[in-house]
Amino acid sequence: MTVPAEHASDPGLVSVVIPAKDEAENLAILIDEILRALAGRPHEVVVVDDGSTDGTGALLASLRAAGEPVRHVRHERPCGQSAAVRSGVLAARGAVVVTIDGDGQNDPAYIPALLAALDAAGPSVALAAGQRLKRTDGFWKKHASRFANGLRGSILKDGTRDSGCGLKALRRDVFVLLPYFDGWHRFLPALVIREGFGVTHVDVVDRSRRFGRSNYGIFDRGLRGALDLFGVWWLLKRRKRIPVVSEIGGERA
């Protein structure tokens, strides 16, 4: 069941959304790093357990029992990274949502910089996107990603060098407006621009995975990404003008 998006957002709260499938060992370290990075600032961590069969549930239950601001949103069966990100955003209570991959390769130490960049950019900018430096991925994954980002940038012209970085900070009210499809999370800069908002960027340094292997592979990205790319291009072409909306006269007494 999809978590409803109609609840009001807390303007002072930051929601960190982590899509994760069988990442219990990495999550144990990652969540602690997130809590320390956001110490002194109201926050929640929403882990979207994408049908995990490892110890993810037990780990999250222990953190909740210890009083940590951690929530466990579970998919009954694996639905993919895009669906997990969307479930987390819909469940999030904060006005700003930060996304971060569950494998630990994204460093939570950059979250404050993303939030500061989004705040400094003002309300006309809805997304602060991480862009990775010194990639730690293997040869094929690294070069496939470089090719995909170059092709995407030349077609969508979203001004983003690395749209696949999991570290992003986005205003939730804009997030829930974006059209959803599998692969959607890799095109957030272009989709945000389509809604009439700007994008700012923060350079981040990736880390090596500590445990396990990727559950969201290069094969899926390569074959489906081309169709997704032209689908997003079509969406951009089909929106000719962003309306400026105002209500005349206000509500009746």
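Could you work out how much longer the chain between T53 and K157 gets when fully extended? Use 0.36 nm per residue separation minus the Cα distance between them, nm to one decimal. Write out the running numbers ahead of the final one.
Values: separation 104, 0.36 × 104 = 37.44 nm, distance 3.98 nm.
Fully extending the segment from T53 to K157 adds 33.5 nm.
Simple spin-label model, 7 Å along Cα-to-Cβ: K237 to Y180 in nm?
So the two model labels end up 2.7 nm from each other.
Once all Cα-Cα distances of region 46-120 are split into 5 Å bins that start at 0, what whole-number percent is in each one?
With 5 Å bins starting at 0, P(r) equals 3, 14, 21, 24, 23, 10, 4, 1, 0.
Given labels modelled 7 Å from the Cα in the Cβ direction, how far is it in nm from A95 to S208?
About 4.2 nm, to one decimal.
What accessible area per residue comes out for region 94-133, rounded to a whole number of Å², with a 1.4 Å probe?
28
Under a plain spin-label model, where a point goes 7 Å from the Cα along Cα-to-Cβ, how far apart in nm are E195 and A116?
Those two pseudo-labels are separated by 2.6 nm.
Under a 1.4 Å probe, what is the accessible area of region 33-84 per residue, stated in Å²?
That works out to 48 Å² for each residue.
The values are calculated or read from the model by the stated rules, or taken from the named source; none is laboratory data. Source: prediction; values computed, not measured. In this analysis, Cβ positions are derived from the backbone assuming ideal geometry, glycine residues included, and neighbour counts consider all displayed protein chains. Accessible surface areas use protein heavy atoms only, side chains included; no ligands, DNA or RNA. Shrake-Rupley method; radii C 1.70, N 1.55, O 1.52, S 1.80 Å.
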